[in-house]
Amino acid sequence: MDPLISVDDLSEQLAGSRPPVLLDVRWSLLGPPGRQDYEQDHLPGAVFVDLDTELSAPPGAGGRHPLPAAADLQAVFRRAGITAEREVVAYDADNGSAAARAWWLLRWAGHPRVRVLDGGYRAWVARGNPVTAEVPEVVPTDFQVVPDSLPVINADEAARMAEDGRLLDARAPERYRGEVEPVDPRAGHIPGARNAPFASNVTEDGTWRPPEDVAALFRELGVDGTSRVATYCGSGVTACSALLALEHAGLSGPANPAALYAGSWSHWTTDPTRPAKTGETP
């Protein structure tokens, strides 16, 4: 199943007898909080989940967006009305970079059917579809989180992946090269990592490029569907977008899933002995 769903297909599903659970995951690195957008209007039936406080543990030694504990995540998903039987669709403002965090966490938790709305809220509204400020009444569920259904690596494993596999840095090129660093204490990237900016996978309107185009970008970085691959970013959010892109391109799947360095650069830089490379990696 493609990890993306079009606006038209979602509209059809929502009109059916068994609509998917909708998660509003609008979020911005520098704010304001996504809940403000949700309270103004959202897709009918959507439940807001906060990326900073519900899809992440508190910031600290593990980075700015550490993975939440399985029990905490289970409580969030139960509150949102998620069951193992119903499909889940997550959306954000446009390009899926935040919704992919919910997509990946649900997959990591063992949910079999999760997708991200292609183009997000912006594409939904552009097609003339309805929005509402009404907050739905949700019946809590007994959804069971099965943790570690997708692979996660630590800093040492990320360093090894850069040497004997493919470690992809999903940040913007200028952050990867160390020319700017707006949030973390040091600039640069993990030595040996290749830059795979998440923004390269989408068009200007926030919709995703065709799978073959995304696959071509990854193949230029040596990712062919058989090599070992892991992704990271600033804090583990847009790295999930890179994982979604790999699956969308057919280069990651159940037989050879790519891994997430969840702490990402915000964790890597907590240890001053870990090296930081600037410029391009050959």
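The values are calculated or read from the model by the stated rules, or taken from the named source; none is laboratory data. Everything numeric in this text was worked out from a predicted model, so none of it was measured. We place every Cβ from the backbone using ideal geometry, glycine too, and count neighbours over all the protein chains shown.
If Leu106 passes every condition in (1) without any contact (Cβ under 8 Å) to a residue 40 or more places away in the chain; (2) more than 20 Å from Gly34 (Cα to Cα); (3) surrounded by 22 or more Cβ atoms within 10 Å (Cβ to Cβ) but one, which one does it miss? That leaves (2) as the condition not met.
Condition check: more than 21 Å from Leu244 (Cα to Cα) and of a type in the set (Phe, Trp, Tyr). Does Tyr38 satisfy that? The answer is yes for Tyr38.
Residues in segment 1-27 that are in a loop (DSSP other than H, G, I, E, B) and surrounded by fewer than 16 Cβ atoms within 10 Å (Cβ to Cβ): Met1, Asp2, Ala15, Gly16, Ser17, Arg18.
Please determine whether any residue of segment 137-148 is outside the structural domain of Ser264 (by TED's automatic domain parsing), of a type in the set (A, V, I, L, M) and surrounded by 17 or more Cβ atoms within 10 Å (Cβ to Cβ). Within segment 137-148, one or more residues are outside the structural domain of Ser264 (by TED's automatic domain parsing), of a type in the set (A, V, I, L, M) and surrounded by 17 or more Cβ atoms within 10 Å (Cβ to Cβ). Taking Leu51, is it surrounded by 15 or more Cβ atoms within 10 Å (Cβ to Cβ), under 23 Å from Ala123 (Cα atoms) and out of contact with any strand residue (DSSP E or B) (no Cβ under 9 Å at 6 or more places or on another chain)? The answer is yes for Leu51. The residue of segment 153-178 that is nearest to Phe198 (Cα to Cα), among those that are acidic (Asp, Glu) and assigned to a helix (DSSP H, G or I), is Glu174. Answer yes if at least one residue in segment 179-192 is surrounded by 18 or more Cβ atoms within 10 Å (Cβ to Cβ), among the charged types (D, E, K, R) and part of a loop (DSSP other than H, G, I, E, B), and no otherwise. Yes. Among Leu260, Leu251, which is the only one that is in contact (Cβ under 8 Å) with a residue 60 or more places away in the chain and either within 18 Å of the chain's Cα centre (by Cα) or more than 18 Å from Ser97 (Cβ to Cβ) (or both)? The conditions single out Leu260.
The residue that is nearest to the chain's Cα centre (by Cα), counting only those in segment 70-109 that are basic (Lys, Arg) and under 16 Å from Ser149 (Cβ atoms), is Arg101.
Residues in segment 154-213 that are touching a Cys at 6+ places or on another chain (Cβ under 8 Å) and over 18 Å from Ser97 (Cβ atoms): there are none.
Residues of segment 28-55 that are modelled with pLDDT of 95 or more, over 16 Å from Asn129 (Cα atoms) and not in a helix (DSSP H, G or I): Val47, Phe48, Val49, Asp50, Leu51, Asp52, Thr53, Glu54, Leu55. Taking the conditions (1) in contact (Cβ under 8 Å) with a residue 40 or more places away in the chain; (2) among the hydrophobic types (A, V, I, L, M, F, W, C); (3) under 18 Å from Phe198 (Cα atoms); (4) not assigned by TED's automatic domain parsing to the domain that holds Glu12 in turn, Ala98 satisfies each one other than (4). Pairs linking a residue in segment 166-189 that is assigned by TED's automatic domain parsing to the domain that holds Ala262 to a residue that is part of a helix (DSSP H, G or I) and surrounded by fewer than 21 Cβ atoms within 10 Å (Cβ to Cβ), with Cβ atoms under 8 Å and 6 or more positions apart or on different chains, are Ala172/Ala199; Val180/Glu174. Checking each residue of segment 198-207 against the condition of being within 24 Å of Arg113 (Cβ to Cβ), under 18 Å from the mean Cα position of the chain (by Cα) and assigned to a loop (DSSP other than H, G, I, E, B) gives at least one match.
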